[in-house]
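*Asks:* The structure is given below, and queries will be raised subsequently.
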Amino acid sequence: MRGVSVSGREGLQASLESVIGEQCPPGTMGALVEAACRHAFAVPPAWRGRLGAPGSPLWRQCVPDVRELEAPAGAASPDPLDETRHAVLPGAIRRYPDRLLVLLSDRCAGYCRFCTRRRMVGRSASPAVAGQETVPPDAVAVPAERGAVTGWLRAHPEVRDVLLSGGDPLMLPDDEIVAWVREIRAVRPGMLIRIGTRMPSFAPERITDALCRRLVEHGPVYVNVHFNHTDELTEAARNACLRMTALGLIVGNQTVLLAGVNDSVSQLRELFFGLLSCGVRPYYLHIMDQVEGTAHFRVPLARAAAIWEELALTTSGMAVPRMMIDLPDGGGKIQYMRGMLLEDRGGGQLVFRNVAGGLSQYRDAGAGAPM
Ligand code: SF4
């Protein structure tokens, strides 16, 4: 492979060996290092020592898998949501007329193997990944520049919803996070301000009283957390969520439906009730995006719909998030339910009505899966 120094690869291998040690299947270390060169590898601090056996829910989410190297199938893309084409500024993406996504950092406290932005996330944290010449540089440079973003927002009064994301915005120091919120609030008092973070699961101690209080001063601030499995809901994680809600942040959760991690009614029900018990409303259940190197995480739509319907029929409404599918090529996010499919062209090629009223083609996981 070009562009990755020997020391970078050796460093990655040492890091992988320290985590998976003797549990590495014979003959696969080289491929795992290669996968870690394509997308940053780091076990979240709160998950260290808790990964369990290979294939466990935490393990699958953060340990590289040889299947990440498989040739992309069908429509899989490094940028399935077409974010690069929708960048209005470095680090600022506008995919909907009234919303702006702002990327404050490319770093996270751990790296999810299924990350939709794996083409760019973790580059600055991992010299091996940053030096990977086989991945083209992303036009959506991070981090965004605060003055440029607030100036742009002033010139676009139709935008009323700003999502601060990344990477994880909470990788920044408190002063910078608070400055972002304060300055966006100054642009328009009624702006909907959201922060997307995985810190309550990855590093719950990052959710301090001081940070919560400072954000609330510029509220309302909505925090979208991200939990995928009940094993993430440790006492520390639960306390982090309770801290946020007790101090006045408004917290919702996004879950990604992941094969072999949480693709069962019983697991999702426990997860969503667990979140509600610490003040967090389950908000979205995402169908996996068609990201290169992540096909082994995808759940066919028919199965996803069956899981969601069973959940909705047997569970308190508060514990049933909307199931969303983000259509490829910038088609936008729509709620997915059986009956929304316009056309099944066979071979897994499906057609949906997108948010702009046009048609979006979608390739299902497992070609030809019945709807
Ligand atoms: S925390 Fe979010 S941005 Fe970071 S690797 Fe996971 S999914 Fe990607």
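*Asks:* Calculate, for LEU69 and GLU22, the FRET efficiency according to 1/(1 + (r/R0)^6) with r their C-beta to C-beta distance and R0 22 Å; round to the nearest 0.05.
*Replies:* 0.50
*Asks:* Taking every pair of distinct Cα atoms and averaging 1/r, then inverting, what Kirkwood hydrodynamic radius in Å comes out for the chain?
*Replies:* 21.2
*Asks:* Something else: Where does the chain land at 222 nm, in deg cm²/dmol rounded to the nearest 500, when only DSSP H runs of n ≥ 4 count, each adding -39500 (n - 2.57), divided by all residues?
*Replies:* Taking each H run of at least 4 residues, the total per residue is -8500 deg cm²/dmol.
*Asks:* Also: For q values of 0.13, 0.17, 0.18 Å⁻¹, compute log₁₀ I(q)/I(0) with the Debye formula on a Cα-only model of the range 259-371, without solvent.
*Replies:* For the range 259-371 at q = 0.13, 0.17, 0.18 Å⁻¹, log10 I(q)/I(0) is -0.51, -0.85, -0.94.
*Asks:* Order of 246-256, 148-158 by packing, highest average Cβ count within 10 Å first?
*Replies:* Output ranking for 246-256, 148-158: 246-256, 148-158.
*Asks:* Quickly rank 208-215, 116-123, 43-50 as a protection proxy: mean count of other C-beta atoms within 10 Å, highest first.
*Replies:* 116-123, 43-50, 208-215
*Asks:* Sorted from fewest to most neighbouring beta carbons within 10 Å, what does the list VAL265, VAL162 look like?
*Replies:* VAL265, VAL162
Values in this text are rule-based calculations from the coordinates and carry no lab data. Since this is a predicted model, take the numbers as computed values, not measurements. Heads up, the Cβs are rebuilt from the backbone with ideal geometry, glycines too, and the neighbour counts pull from every protein chain shown.
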